[in-house]
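Nothing in this text is a laboratory measurement; each read-out follows from the coordinates by a stated rule. All figures in this text were calculated on a predicted structure; none of them were measured in a lab. Please note: Cβ atoms are built from the backbone with ideal geometry, for glycine as well, and neighbour counts cover all protein chains shown.
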Amino acid sequence: LAVVHSKQRVALLGAAEARLKEATSSLSLAKSEFERYERLFKANAIAKMKYDRIENRYVQAKENLVAAHREVDKMSADVEDTNIVAPISGTIVTKIVRTGEVVAEGTPLATLVNMDDLYLKVFLTTDRAGKVSLGDEAMIYPDAFPREKFEAFVQKVGQKAEFTPKNVETKSQRAKLVFEIKLQVKDNKSRKLKPGMPCDAVIKINKKASWRSFRR
């Protein structure tokens with residue numbers, strides 16, 4: 001996982017740079033070949049027609065390099081269009097595009113997540129969702145860390161009932177209609193919580209109740 005900061009460059013559209021490297025390499029090969037054939041021509045070891053063909057190839061390679069430099073200079077004048085910067089500080093969890101790939105406009109390059117702004121979606125039946133209020137305290141228990149708990153609070157209560165998502169499993173019989181509850185994690189400095197991690201959660205709907213009396 002790579003950590004990046006807001007406005008930090010995460011990708012560079014470098015078609016011109018690639019062409020410049022290719023032109024430089026081609027010129028190096030063409031020059032080496034030309035110098036070898038030039039010695040042979042001076043020694044009358046090859047025909048002038050073959051020498052001219054190698055010389056023309058060398059001249060063309062030099063022209064290609066000049067054109068590549070011009071393209072790079074032009075791109076540098078509008079470099080903001082070639083730099084892809086992170087919109088927020090966060091962690092790159094997925095690299096969708098690899099170096100050297102050709103991408104179209106609007107193509108996602110990577111998945112960036114703010115590890116300090118994670119939340120857990122839970123789904124409650126109507127009779128239980130109606131008892132939940134914004135700001136209610138909650139505890140999150142990740143399957144990966146069964147002995148640990150993470151403080152959270154109710155950040156959103158769904159306004160409309162929906163069918164239970166297929167990827168949600170409940171210990172009791174699955175309800176057909178549920179309300180989505182969004183629990184905002186208060187602190188993830190340890191970076192133990194990660195996107196997609198399955199968890200259980202408990203919401204305290206009675207403000208007078210104490211967590212000390214709760215037994216999971």
- Task: Report the label-to-label distance for residue 42 and residue 107 in nanometres (one decimal), using points 7 Å from each Cα along the Cα→Cβ vector.
- Result: 4.9 nm
- For residue 48, counting only lysines whose alpha-carbon sits under 25 Å away and dropping same-chain residues fewer than eight positions off, the answer is 31, 62
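Filter 95/156; 131/186; 149/208; 131/160; 156/192 down to the pairs with a C-alpha to C-alpha distance above 26 Å, please. Don't skip to the answer; put the middle values down first.
Numbers: 95/156 30 Å; 131/186 22 Å; 149/208 20 Å; 131/160 15 Å; 156/192 23 Å.
Violating the 26 Å Cα-Cα cut-off are 95/156.
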- In nm, give the distance between the simple-model label positions of residue 98 and residue 143, each being 7 Å from the Cα along the Cα-to-Cβ direction. 3.0 nm
- Mind checking which aspartates and glutamates have their C-alpha under 19 Å from residue 50, skipping anything on the same chain fewer than 8 residues away? 33, 35, 38
- Once label points are set 7 Å from the Cα along Cα→Cβ at both residue 119 and residue 62, what is their separation, rounded to one decimal in nm? 6.4 nm
- Query: Name the trypsin sites (Lys or Arg not before Pro) in region 60-167 that are in a loop by DSSP and that have at most 15 other C-beta atoms within 10 Å, would you?
  - Reply: 98, 131, 147, 160, 166
